[in-house]
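Notes follow the structure.
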Amino acid sequence: MTRTVYVNGQYLPEHEATVSIFDRGFLMADGVYEVTSVLDGKLIDFEGHIKRLHRSLSELDMPRPCSDEDLLAMHRELVRLNSIDQGMIYLQVTRGNPGDRSFVFPAADLAPTIVAFTQDIPNLADAPAAKTGFRVISIPDLRWSRRDIKTVQLLYPSMGKMAAKKAGVDDSWFVEDGTVTEGTSNNAYIVKGNRIITRQLTSDILHGITRAAVLRFAAEAQFEVEERPFTIEEAQNADEAFSTAASIFVMPVVEIDGKPVGSGKPGPVAIRLRELYLDEMRKAAV
Ligand code: PDD
């Protein structure tokens, strides 16, 4: 089945969808994005993703491309047209096509470019990796310092993923000034006893939508939540570690820089939080 994608108000077969070579997203990485997961054909935490999209747009002085209702309808239509049961929807909004290249932002009334497409992942909830856990390496965090804005400038995270691949592991955790910021495309956590520790929300990290829900469920389940930076050494000596993102939900991390974390197997807290997250979010899906 040919994938149907969305470009600026049109639903098209993917090979017919085009964006200008002058688009600011293409030339300047001048755009923001969201990834929303789909379970049982429904959107997980759509409201959270749209709220963060608004924040990213406003931090970059970009106008809202359309109403939230239109975005929701478009996401649902893509799910329907592509018969997605489990997977993800990628949404990208760029500052648009000013018709030439310039460092100066175009006029504020330039129409943004809106692109969205589905990724069909039939075993997203039941991912084999969640049963074995991620092995990660640490690398320096060389990204820009506004990581709270979900921009499309993903070259360094992509290089981080390639460094992991080259090392024969699953992901990289970024380290800055001696402490872990986050993973290439996920937030990072450690577990000590009944306490879940993750870096506090500043412009050092993306404010994960999965993070917010997982911490809420953790607190409701009587875990203590401590928001502070931690080192790689502390993580290696923790009882457990895990990462969260819309693409992986709660993913146990079983090895860091070649050292096993805890038992070296997915730990009970990460497994429980994954189950809680999936159960609760499935109920609230739209
Ligand atoms: N990435 N940190 C970074 C750097 C991310 O890129 C992501 C998400 C997260 C987790 O955010 P959320 O829980 O809202 O998905 C944290 C998406 C999934 C991606 O780029 O594919």
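Can you confirm whether Ser83 is among the polar types (S, T, N, Q) and more than 19 Å from the chain's Cα centre (by Cα)?
Values: among the polar types (S, T, N, Q): yes; more than 19 Å from the chain's Cα centre (by Cα): yes.
Against the criterion (among the polar types (S, T, N, Q) and more than 19 Å from the chain's Cα centre (by Cα)), Ser83 qualifies.
Selection of region 241-286 for residues being surrounded by 18 or more Cβ atoms within 10 Å (Cβ to Cβ), in a loop (DSSP other than H, G, I, E, B), small (Gly, Ala, Ser) and more than 14 Å from the ligand (Cβ to nearest atom) yields Gly262, Gly267.
When you look at Gly99, is it touching a helix residue (DSSP H, G or I) at 6+ places or on another chain (Cβ under 6 Å) and either within 19 Å of Arg147 (Cβ to Cβ) or surrounded by fewer than 15 Cβ atoms within 10 Å (Cβ to Cβ) (or both), yes or no? It is false that Gly99 is touching a helix residue (DSSP H, G or I) at 6+ places or on another chain (Cβ under 6 Å) and either within 19 Å of Arg147 (Cβ to Cβ) or surrounded by fewer than 15 Cβ atoms within 10 Å (Cβ to Cβ) (or both). If you go through region 14-66 and keep only what is away from the ligand (no atom under 16 Å from the Cβ), in contact with a helix residue (DSSP H, G or I) (Cβ under 9 Å, 6 or more places away or on another chain) and more than 19 Å from Asn97 (Cα to Cα), you end up with Asp40, Gly41, Lys42.
Identify the residue in region 218-240 that is part of a helix (DSSP H, G or I) and in contact (Cβ under 8 Å) with a residue 40 or more places away in the chain and, among all such residues, is farthest from the chain's Cα centre (by Cα). Reasoning before the result, please.
If we filter region 218-240 for residues that are part of a helix (DSSP H, G or I), which is where we start, we get 218-220, 232-236.
Next cut, in contact (Cβ under 8 Å) with a residue 40 or more places away in the chain only: 218, 232, 234-235.
On the way: Ala218: 20, Ile232: 22, Glu234: 24, Ala235: 21 Å.
Among those that are part of a helix (DSSP H, G or I) and in contact (Cβ under 8 Å) with a residue 40 or more places away in the chain, it is Glu234.
Cβ-Cβ distances below 7 Å connect the following pairs, each with a first residue in region 254-283 that is in the same structural domain as Asp170 (by TED's automatic domain parsing), a second residue that is in a helix (DSSP H, G or I) and among the aromatic types (Phe, Trp, Tyr), and a separation of six or more residues or different chains: Leu273/Phe217; Leu276/Phe217; Tyr277/Phe217; Glu280/Phe217. With respect to the conditions (1) surrounded by fewer than 20 Cβ atoms within 10 Å (Cβ to Cβ); (2) within 11 Å of the ligand (Cβ to nearest atom); (3) not aromatic (Phe, Trp, Tyr), Gly178 lacks only one, and its number is (2). Just give me the residues in region 113-140 being crowded, with 16+ Cβ neighbours inside 10 Å, hydroxyl-bearing (Ser, Thr, Tyr) and within 23 Å of Glu255 (Cβ to Cβ), in sequence order. Ser138, the sole residue that qualifies.
Within region 106-147, can you find the residues that are of a type in the set (A, V, I, L, M) and part of a loop (DSSP other than H, G, I, E, B)? Outline the logic, then answer.
First, pick out the residues of region 106-147 that are of a type in the set (A, V, I, L, M): 107-108, 110-111, 114-116, 121, 124-125, 127, 129-130, 136-137, 139, 142.
Result: Ala107, Ala108, Leu110, Ala111, Ile121, Leu124, Ala125, Ala127, Leu142.
Residue check: Arg80 meets all listed conditions (1) buried (at least 17 other Cβ atoms within 10 Å of the Cβ); (2) under 30 Å from Tyr277 (Cβ atoms) but one, namely (1).
Scanning region 186-200 for residues that are more than 19 Å from Glu220 (Cβ to Cβ) and surrounded by fewer than 19 Cβ atoms within 10 Å (Cβ to Cβ) returns Lys192, Gln200.
The values are calculated or read from the model by the stated rules, or taken from the named source; none is laboratory data. These figures come from a predicted structure and were not determined experimentally. Cβ coordinates were reconstructed from backbone atoms using ideal geometry, including for glycine residues, and neighbour counts include every protein chain displayed.
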